[in-house]
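Visitor: Have a look at this one before I ask anything.
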Amino acid sequence: MNERIEKAYAQRPKRWVFELSVAVIVTALIVWSATAVETSGTTQNGGKIALNILSGIFHPDTDLLFNLTVQGVPYLLLETVCIAFLGTVVGAVISIPLAFLSASNLAPKPIAFIGRIIIMAVRTVPAFIYGLMFIRVTGPGAFAGLLTMSLCSVGMVSKMYIEAIEDLDVRVLESLDAAGCTTWQKIRYGILPQLMPNFASTAIYRFDINLRDATVLGLVGAGGIGAPLIFAMNSYRWSEAGAILAGLIVLVLAVEWLSTKIRIKLARG
């Protein structure tokens, strides 16, 4: 037995030439890509600026961090959370009928195809572009961020909802149909119990993404904490930037811990 194993091992295909060629090609591509990096814009005081940034992060402005007015970090974080939460809720609600119309196992093929094209088109445009568009329509503020988060959520959430709908256990529906249940009863007792955990888990996951995107949208004036952060950095007020970043870190960690607990609860029932 051992001799046969050793013989088979000795006769295995020699792939070292292929692997060496791939390694050489990848290394050459990395070296070639590095030639496009420009360092001419760096200055001699760049190291000093980097030290100032680190000093501001580790020595945040406590007056701003614990300021309970509308200019303080807690209020700005609350506004960011509200934008992300409401955007997730609106996007998840809009995604439900769109996902049912785009599911190939429930809707006719032409309608499902059109629905998927719409979802694909929505997902193509980055959130940053949507933010700039809605700011032109509604003006700067949290409402523009809410509309942006809602539309961005529709693209991803609809796609995840479609996958959950297409993975439905049709045997449950066949059993309810054999029992003489009506269409609404089949939806109530056969479809919703299967979909609700997946739908809720997807919405929570999207909320995590929206919370980070809402911070970035603040850079273009769509509400939230992003605008004060970029203003502080542009003005070299590193202690204020450190206070805002400290609040963001605490917020993201808290939301991540809570959302993980909820998703585990939904998965285990």
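The values are calculated or read from the model by the stated rules, or taken from the named source; none is laboratory data. What you are looking at is a predicted structure, and each value in this text was computed from that prediction instead of being measured. Every residue, glycine among them, receives a Cβ derived from its backbone with ideal geometry; neighbour counts consider all protein chains shown. We work out accessible area using only protein heavy atoms, side chains counted, and drop any ligands, DNA or RNA first. Shrake-Rupley method; radii C 1.70, N 1.55, O 1.52, S 1.80 Å.
Visitor: Determine the pairs where a residue that is free of Cβ contacts under 8 Å to residues at least 24 places away in the same chain and hydrophobic (A, V, I, L, M, F, W, C), located within the range 180-199, has a partner that is in a helix (DSSP H, G or I) and open to solvent by 70 Å² or more (accessible area, probe 1.4 Å) with Cβ atoms under 8 Å apart, the partner being 6 or more residues away or on another chain.
Guide: Once the first residue is free of Cβ contacts under 8 Å to residues at least 24 places away in the same chain and hydrophobic (A, V, I, L, M, F, W, C) and sits in the range 180-199, its partners that are in a helix (DSSP H, G or I) and open to solvent by 70 Å² or more (accessible area, probe 1.4 Å) give Cys181/Tyr189.
Visitor: Would you confirm whether any residue within the range 87-99 is more than 20 Å from the chain's Cα centre (by Cα), open to solvent by 20 Å² or more (accessible area, probe 1.4 Å) and within 29 Å of Lys186 (Cβ to Cβ)?
Guide: Yes, the range 87-99 contains at least one residue that is more than 20 Å from the chain's Cα centre (by Cα), open to solvent by 20 Å² or more (accessible area, probe 1.4 Å) and within 29 Å of Lys186 (Cβ to Cβ).
Visitor: Got at least one residue in the range 65-84 being modelled with pLDDT of 75 or more, among the small types (Gly, Ala, Ser) and surrounded by 10 or more Cβ atoms within 10 Å (Cβ to Cβ)?
Guide: Checked against the condition, which is being modelled with pLDDT of 75 or more, among the small types (Gly, Ala, Ser) and surrounded by 10 or more Cβ atoms within 10 Å (Cβ to Cβ), the range 65-84 yields at least one hit.
Visitor: Output the qualifying pairs, or none if there are none: Cβ atoms under 7 angstrom, residues six or more apart or on different chains, first residue in the range 51-63 and at negative phi and open to solvent by 60 Å² or more (accessible area, probe 1.4 Å), second residue part of a helix (DSSP H, G or I) and of a type in the set (S, T, N, Q).
Guide: Listed pairs, sorted by first residue: His59/Ser239.
Visitor: Here is a follow-up. Of all residues in the range 64-78, count the ones that are under 30 Å from Asn198 (Cβ atoms) and touching a residue at least 24 places away in the same chain (Cβ under 8 Å).
Guide: 1
Visitor: I'd like the residue in the range 140-154 that is modelled with pLDDT of 85 or more and small (Gly, Ala, Ser) and, out of all such residues, is surrounded by the fewest Cβ atoms within 10 Å (Cβ to Cβ).
Guide: Applying the filter and picking the extreme gives Ser150.
Visitor: Looking only at the range 53-83, which residues are among the acidic types (Asp, Glu) and part of a helix (DSSP H, G or I)?
Guide: Asp63, Glu79
Visitor: Can you tell me which of (1) under 25 Å from the mean Cα position of the chain (by Cα); (2) buried (at least 18 other Cβ atoms within 10 Å of the Cβ); (3) in contact (Cβ under 8 Å) with a residue 40 or more places away in the chain is the one Leu229 doesn't meet?
Guide: Leu229 satisfies every listed condition except (3).
Visitor: If you don't mind, another one. Specify the residue that is least open to solvent (accessible area, probe 1.4 Å); the eligible residues are those in the range 155-170 that are of a type in the set (D, E, K, R) and free of Cβ contacts under 8 Å to residues at least 40 places away in the same chain.
Guide: Across the range 155-170, the extreme among qualifying residues is Asp169.
Visitor: Still on this structure: For the range 3-18, state whether one or more residues are in a helix (DSSP H, G or I), among the acidic types (Asp, Glu) and modelled with pLDDT of 75 or more.
Guide: So far as the range 3-18 goes, no, none of its residues is in a helix (DSSP H, G or I), among the acidic types (Asp, Glu) and modelled with pLDDT of 75 or more.
Visitor: Moving on. Any residue in the range 238-245 that is charged (D, E, K, R), touching a residue at least 24 places away in the same chain (Cβ under 8 Å), open to solvent by 40 Å² or more (accessible area, probe 1.4 Å) and part of a helix (DSSP H, G or I)?
Guide: yes
Visitor: What is the one condition in (1) open to solvent by 20 Å² or more (accessible area, probe 1.4 Å); (2) more than 30 Å from Ile225 (Cα to Cα) that Val137 does not satisfy?
Guide: (2)
Visitor: Among Ser175, Ser201, which is surrounded by fewer than 17 Cβ atoms within 10 Å (Cβ to Cβ) and polar (S, T, N, Q)?
Guide: Ser175
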